[in-house]
Structure formats: structure tokens, C-alpha cells
């Protein structure tokens, strides 16, 4: 059914694909880990604001990026890199606010865990 050469070709191809997949997965994990480390370092220098102040910042168009965690922590970042942190009153409160203001996600980039 299959010649020995074609079977060897398939095995070699699969072996190369597996190495490539491992490489890609490793790179993705490293990038994610570095992003988390960077985020934690930035959070240490962020300005702590109340939930109401965060809502005002989002509503007035100052915020370009919003990060939300499962622990209700929210980070906001302006286009010029100023970062604010707050705590939302309930899960997804910031998500609903961002969707209300920017339904197509074109002005505010939303990131969640």
C-alpha cells in the first residue's frame, strides 16, 4: 500500500512538525510569562484609584487598555502609558462598562484572564 520511502517521508515530516509545534508552544509560554512579569512590575508603580474614578477615566476616553482578573482587580492604561489600578465591585463590571462605551472594541483593548 505505502512504499518504504513514502512511509519514511511521512515519519520525517511528522517529526519535524512535532519539533516545530514544541518550539511554537514554548515561545508562546515564554511570551505569556514575560507579559505577566511585566504586568506585575507595572502594577507596582500604578496609581491606585477608586472604582468611581476608574469609571470616569473609561467614560471620558482616556483609557486605551483594560485588564481584568478573576480576583476583581482591574488595570487601566492610557495611550501614553500611565497605569491605574482599581477593584471592580463585581465580576465583569468593567467588561460591561467597556462594551457599553465601545461596543465594537475599536477604541479600548480589553484583556481578561
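The values are calculated or read from the model by the stated rules, or taken from the named source; none is laboratory data. Quick caveat, the model's predicted, so the values are computed rather than measured. In this analysis, Cβ positions are derived from the backbone assuming ideal geometry, glycine residues included, and neighbour counts consider all displayed protein chains.
I'm trying to understand the selection: among the residues of region 59-81, which are closer than 16 Å to residue 107 by Cβ, touching a helix residue (DSSP H, G or I) at 6+ places or on another chain (Cβ under 9 Å) and either outside the structural domain of residue 93 (by TED's automatic domain parsing) or part of a loop (DSSP other than H, G, I, E, B) (or both)?
Selection gives 61, 62.
Mind counting the residues in region 31-63 that are at pLDDT below 60 and within 12 Å of residue 75 (Cα to Cα)?
4
Among the residues that make up region 17-30, is at least one of them at pLDDT below 95, outside any loop (DSSP other than H, G, I, E, B) and in contact with a strand residue (DSSP E or B) (Cβ under 6 Å, 6 or more places away or on another chain)? First the steps, then the outcome.
Keep residues of region 17-30 that are at pLDDT below 95, which gives 17-30.
Applying the additional criterion that residues be outside any loop (DSSP other than H, G, I, E, B) yields 17-30.
This time we only want the ones that are in contact with a strand residue (DSSP E or B) (Cβ under 6 Å, 6 or more places away or on another chain), so: none.
Looking through region 17-30, none of the residues is at pLDDT below 95, outside any loop (DSSP other than H, G, I, E, B) and in contact with a strand residue (DSSP E or B) (Cβ under 6 Å, 6 or more places away or on another chain).
Being more than 17 Å from the chain's Cα centre (by Cα) and either under 15 Å from residue 50 (Cα atoms) or surrounded by 14 or more Cβ atoms within 10 Å (Cβ to Cβ) (or both) is the filter here, so list the residues in region 92-113 that pass it.
Selection gives 93, 97, 101, 102.
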